[in-house]
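Trainee: This is the structure, below, for whatever I ask next.
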Amino acid sequence: MSRHLPRCLLMLMSVLLTAMLPAYGAQGATSTSFKAKDGVVVHGNYYRAAHPKALILLFHQAGSSKDEYATIAPRLIEAGYSALAIDQRSGGDLFGPNETAAGLGRKADYLEAKQDLEAALAWGQKQKLPVMLWGSSYSSSLIFLVAAEHPDVKAVLAFSPGEYFDNKSLVRDAASHVTAPIYVTSADTDEEIEAARSILAASPSSSKQQYIPRTGGVHGSSTLIEARDPKGAGDNWKALLAFLARTSP
């Protein structure tokens, strides 16, 4: 009996350690969840840098999920930034399953997802780091609404913002109250470039930049994914990282 004791102990230790370990998602990210103000459970992946300069909250485009950032977040870690990518209730499986939308059990509109961004911000503020908001397509517009209500936001990074809601001046009106540093970019189309320019112009921020792709350039945060933007991803990364370096040196 005694000769089997070490093996039993090893098995018990293995079970206990497994129970104590956090759940891990894409590329080593820690899975996390929290509730929006209406009780909806918001799921996310937390990517932690060793010595973070700031925390970047990553929000996806329509029909998408937190996995939109599976290749983007690791590069942000390399640059010294922790990141949280969430599943908003308005999304889908473009890059991977959306746990928040699946748990909701019904279709949600873009504006309803603002609650999920606010819940992520509340979670982020508990990490005791400067917090930046990053949005893709419709969420790049929602971040202006959130930043307008939270002047402590460190920076706003908007990929393909536009007036995607019924009120066609809602985002510009919100931007007029955002004084944090702002970075905007978009696909290389006249429509997207002008939409981003109009929103940026409304902000009184003394530090704002619009990056217009010279080559390549696709909609939303996908402009940073080489597989989706082989001609423009590299230049997009250079412009983005330069902005981050100026904002959080």
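Trainee: In region 171-185, how many residues are in contact with a helix residue (DSSP H, G or I) (Cβ under 7 Å, 6 or more places away or on another chain) and either at positive phi or not in a loop (DSSP other than H, G, I, E, B) (or both)?
Mentor: 8
Trainee: In region 80-101, is there at least one residue being out of contact with any helix residue (DSSP H, G or I) (no Cβ under 9 Å at 6 or more places or on another chain), in contact (Cβ under 8 Å) with a residue 12 or more places away in the chain and crowded, with 18+ Cβ neighbours inside 10 Å?
Mentor: Taking every residue of region 80-101 in turn, at least one turns out to be out of contact with any helix residue (DSSP H, G or I) (no Cβ under 9 Å at 6 or more places or on another chain), in contact (Cβ under 8 Å) with a residue 12 or more places away in the chain and crowded, with 18+ Cβ neighbours inside 10 Å.
Trainee: Does Ala148 satisfy being buried (at least 23 other Cβ atoms within 10 Å of the Cβ), among the aliphatic types (A, V, I, L, M) and out of contact with any Asp or Glu (no Cβ under 6 Å at 6 or more places or on another chain)?
Mentor: Criteria not met by Ala148.
Trainee: Within region 28-51, can you find the residues that are of a type in the set (Lys, Arg) and either modelled with pLDDT under 95 or closer than 21 Å to Glu78 by Cβ (or both)?
Mentor: Hit for region 28-51 is Arg48, nothing else.
Trainee: Out of the residues in region 130-161 that are aliphatic (A, V, I, L, M) and in contact (Cβ under 8 Å) with a residue 60 or more places away in the chain, which is nearest to Gln210 (Cα to Cα)?
Mentor: Across region 130-161, the extreme among qualifying residues is Leu157.
Trainee: Among the numbered criteria (1) surrounded by 16 or more Cβ atoms within 10 Å (Cβ to Cβ); (2) over 18 Å from the mean Cα position of the chain (by Cα); (3) modelled with pLDDT of 95 or more, which one does Leu133 miss?
Mentor: Only one criterion is unmet by Leu133, namely (2).
Trainee: Look at region 141-170 and say how many of its residues are assigned to a helix (DSSP H, G or I) and over 14 Å from Ile86 (Cβ atoms).
Mentor: 7
The values are calculated or read from the model by the stated rules, or taken from the named source; none is laboratory data. Just so you know, these numbers come straight off a predicted model, no measurement behind them. All Cβ positions, even for glycine, are placed from backbone atoms using ideal geometry, and neighbour counts span all protein chains on display.
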